[in-house]
Amino acid sequence: MATIIRDEKLTRVSGNVKPDSRRRVVLPETVLAGKDIVYHVYTNSYGQIILDPQVTIPASEAWIFEDKAVLAALDEGMAESNNGQLIDRGSFAKYAADKS
């Protein structure tokens, strides 16, 4: 299994939280991410629980993550952009068609 702990520095956000009668645990508002977040839940032999936030993508966009060459090219382009390696091609407004 891939490592899911991306930062070893953990912060305690609440203490003495007990499950309710339906075995649910209410998380503090500061812990919750956006409204469209779902969680993968992991436990270890000590009973510790890790919630790993996830987002879903449309099936029509999944091909980007399945095609390693496309994903590598996209990552390379993003890295170049972050490093300021940009080429100004001017405005493309003349090619835009107003279809509203």
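To test your reading of the geometry: what angle, between 0 and 90 degrees and rounded to tens, separates the Cα axis of helix 68-82 from the longest principal axis of the chain? The helix 68-82 is inclined about 80 degrees to the chain. Amide H contacts of LEU27 (H built 1.01 Å from N, in plane; Pro and chain starts excluded): no residue 5 or more places away or on another chain comes under 5 Å.
Can you quote the Å³ per residue value for the convex hull of the Cα atoms in region 1-60, rounded to an integer?
On the way: hull volume 9.4 nm³, N = 60.
So the per-residue hull volume is 157 Å³.
With q set to 0.18, 0.23 Å⁻¹, the log10 of I(q)/I(0) for region 50-100, from the Debye formula over equal scatterers at the Cα positions, is -0.94, -0.95. Stokes-Einstein, applied to the Kirkwood radius of the chain over Cα pairs at a viscosity of 1.306 mPa s and 10 °C, places its translational diffusion at 84 µm² s⁻¹.
For the chain, the relative contact order works out to 12 percent when only alpha carbon pairs closer than 8 Å and six or more residues apart are counted. Take 11-24, 43-56 and order them by the average number of nearby Cβ atoms within 10 Å per residue, most first; the result is 43-56, 11-24.
Net charge near VAL17: determine it from the other residues with C-beta under 13 Å of the C-beta of VAL17, scoring Lys and Arg +1 and Asp and Glu -1.
Values: positive: ARG12, LYS18, ARG23, ARG24; negative: ASP20.
Around VAL17, the surrounding residues sum to +3.
Coordinate-derived values only; no laboratory data. The structure presented is a predicted model; accordingly, all values stated were derived computationally and were not measured. Cβ sites come from the backbone with ideal geometry, for glycine too, and all protein chains shown count toward neighbours.
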